[in-house]
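Reading through the structure tokens given below for one structure.
The values are calculated or read from the model by the stated rules, or taken from the named source; none is laboratory data. Every value quoted in this text rests on a predicted model; they were computed, and no experiment measured them. Cβ sites come from the backbone with ideal geometry, for glycine too, and all protein chains shown count toward neighbours. Only protein heavy atoms, including side chains, enter the accessible area calculation; ligands, DNA and RNA are left aside. Shrake-Rupley method; radii C 1.70, N 1.55, O 1.52, S 1.80 Å.
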Amino acid sequence: MADTQNTKVQEQDIHQLLKVKREKLANLQEAGKDPFQITKYDVTHHSTDIKNNFEELEGKTVRIAGRVMSKRVMGKASFCNVQDLPGNIQVYVARDSIGEESYADFKKYDVGDIVGIEGEVFKTKTGETSIHAAKVTLLSKSLQILPEKFHGLTNTDIRYRQRYTDLIMNQDVKDTFVKRSKIISAIRRYLDGQGFLEVETPMLVSNAGGAAARPFETHYNALDEDVKLRISLELYLKRLIVGGMERVFEIGRVFRNEGLDTRHNPEFTLMELYQAYTDYYGMMDLTENMFRYVAQEVCGTTVIPYAEETIDLGKPFERLTMVDAVKKYAGVDFDQIPDTAAAKKLADEKGVHYEERHAKGDILNLFFEEFVEEHLIQPVFIMDHPVEISPLTKRKPDKPDYVERFELFIYGREMCNAYSELNDPIDQRERFKAQEAALAAGDEEANTTDEDFMNALEIGMPPTGGIGYGIDRLVMLLTNSPAIRDVLLFPTMKTLEPKRAENKAEKAAVNGSAEAATVSAPSVQIDLSKVKIEPLFADDVDFETFSKSDFRVVKIEACEAVPKSKKLLKFTLNDGTDRKRTILSGIHEYYEPEELVGKTCVAITNLPPRKMMGIDSEGMLISAVYEYDGREGLNLLMLDDSIPAGAKLY
């Protein structure tokens, strides 16, 4: 009851604060001082310019503009802190300097308001570089409430949804995105120096090819045609190589209809480049040199801290074939595996999950993912992939079951993917046929034949090296960011109900850290007449058997998608003990990981561990499953957050 009363009081306080802000604006407008009438303000310096060049600027007049982040009113003189793009600076505002009327207005300004400051540069008695204001101009009135400054904005869900607030409250976030821009600029400079031309190719395509991914589909009304959003840049860039544009690259958004996790977002920035008359060895040399150049340009060093590791981009990158990597880390030599049947038998023995359609080369790749990737911390080129997973790549002349392809791995993550491009149109058509067979067998990520691209290949494409870089992952590396959402200004998020989103924003503004301002997953109104439930068990279960199941309240501390799985989510749970419990649940179709973090749920905790995708799942989360309108519906059972972790259910 007390918590409910506190919430009501807090909501009343929020609405009162918002009301006062609008009243202040109305008073300004009535007095002919509407800040929204101002169209420009001439800025001469930024905060860091003044701090870094104090000796040169001391006593001189400067003009800055930015957001008021704090304010101390002390009678006839006040201080405020103004934040601009690179940083912030203290401003001394005295009644005798700006005039009595202006000072009275200034005292009514709020944290969050945007102001222009004109004044002289000086240092306070404590040695802080400041501006002695001669004129303060209100440029924009903030009608919302910023998070409380002491705690900052820490709730990740709100940070991602309201990136504008995140950038205001967290300077390190702003620094990350400034560095992202510099990384992309450095890439462009490097490639320009190597003679590459930057080009642009279509985003809406009739045939989304060039990668193993499921596309988004839409409809083009003017042409009355179904089209897809591109999943790669490859096939159009290769057309340009055919046309004689010998070195081309594109940096652009691509779209893949897949899940979200720390390394994947359905729309992301990809760079692909193609160079005529070279091969994948040429792409290795270019990649190694470019990574080293960009790191030095942006970070000032080629030794990069990432998580708990130190990545050295200055040393020569290791080169390993996929077969040798599996031999090194899994102790299995696939050169000695004669056929698909033997590969499947070995996978069964090693607990590697595969699908019936998979051939020997697919299973080699599964072994690589299962046993090798996590060990590839320092930069290493993994070369010579099996032909089954490389439909657009030139075969190795001496080993036709493998192709001239590499992936660069750093910190266990794929950073880029490169080929000696397939330019044999007859072989390419056969590869497309194999992809279409895989599509018919249920592989939603398989390609279909692109006849216009085939026509281009038949006209003739020179020997070509090509490569694709995940720009977001490179930015993650060079900014020491743990998740892809930390380097995307506006990552994909599940939509909140409008009213709940509004309440969440208001509470977060006042609470700052917003720990108490979480919002439940949006409820969906369903037509109960369309619901079918599974018939109740006809057989009795004796009480003793039932009572052996240990139902416990658990708190979800972390949740992420399981790599290589479209269904599984991996939960890290507080079950009331001094250890964390891991449970995997196949509910990714119904929930995204970020919306479940912090929720209170129910789990059976005394089931024996069950290995799923190589991970031990220690129990079962309880969900309600039913059929709705011909499809399965599911709701994870969630409880009141006031119930403690470990509470036993009877």
In the range 219-231, anything surrounded by fewer than 22 Cβ atoms within 10 Å (Cβ to Cβ) and either acidic (Asp, Glu) or within 23 Å of the chain's Cα centre (by Cα) (or both) is listed as ASP224, GLU225, ASP226, LYS228, LEU229
Positions within the range 108-127 being open to solvent by less than 50 Å² (accessible area, probe 1.4 Å) and free of Cβ contacts under 8 Å to residues at least 12 places away in the same chain, in sequence order
GLY127
Of all residues in the range 246-270, which are open to solvent by less than 50 Å² (accessible area, probe 1.4 Å) and either assigned to a strand (DSSP E or B) or in contact with a His (Cβ under 6 Å, 6 or more places away or on another chain) (or both)?
VAL248, PHE249, GLU250, ILE251, GLY252, VAL254, PHE255, GLY259, ASP261, PHE268, THR269, LEU270
When every residue in the range 75-107 that is open to solvent by 60 Å² or more (accessible area, probe 1.4 Å) and in contact with a Lys or Arg (Cβ under 6 Å, 6 or more places away or on another chain) is compared, the one modelled with the highest pLDDT is ARG95
Looking only at residues that are touching a Phe, Trp or Tyr at 6+ places or on another chain (Cβ under 9 Å), in a helix (DSSP H, G or I) and of a type outside the set (D, E, K, R) in the range 335-352, which one is surrounded by the most Cβ atoms within 10 Å (Cβ to Cβ)?
ALA343
Looking only at the range 128-161, how many residues end up being at pLDDT below 95, open to solvent by less than 50 Å² (accessible area, probe 1.4 Å), part of a loop (DSSP other than H, G, I, E, B) and not aliphatic (A, V, I, L, M)?
3
Checking the condition touching a Pro at 6+ places or on another chain (Cβ under 9 Å) and not small (Gly, Ala, Ser), which residue from LEU25, LEU57 passes?
LEU25
Restricting the range 285-334 to residues that are of a type in the set (Asp, Glu) and open to solvent by 70 Å² or more (accessible area, probe 1.4 Å), which is farthest from GLY412 (Cα to Cα)?
GLU297
Evaluation of ILE643 against (1) part of a loop (DSSP other than H, G, I, E, B); (2) open to solvent by less than 40 Å² (accessible area, probe 1.4 Å) (one fails), failing number:
(2)
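Within the range 343-356, is even one residue within 27 Å of the chain's Cα centre (by Cα) and not polar (S, T, N, Q)?
Our first condition is that a residue be within 27 Å of the chain's Cα centre (by Cα); within the range 343-356, this holds for none.
No, that holds for no residue.
Just to be sure, is LEU607 within 28 Å of the chain's Cα centre (by Cα), of a type in the set (A, V, I, L, M) and surrounded by 13 or more Cβ atoms within 10 Å (Cβ to Cβ)?
Details: within 28 Å of the chain's Cα centre (by Cα): no; of a type in the set (A, V, I, L, M): yes; surrounded by 13 or more Cβ atoms within 10 Å (Cβ to Cβ): yes.
No: the conditions fail for LEU607.
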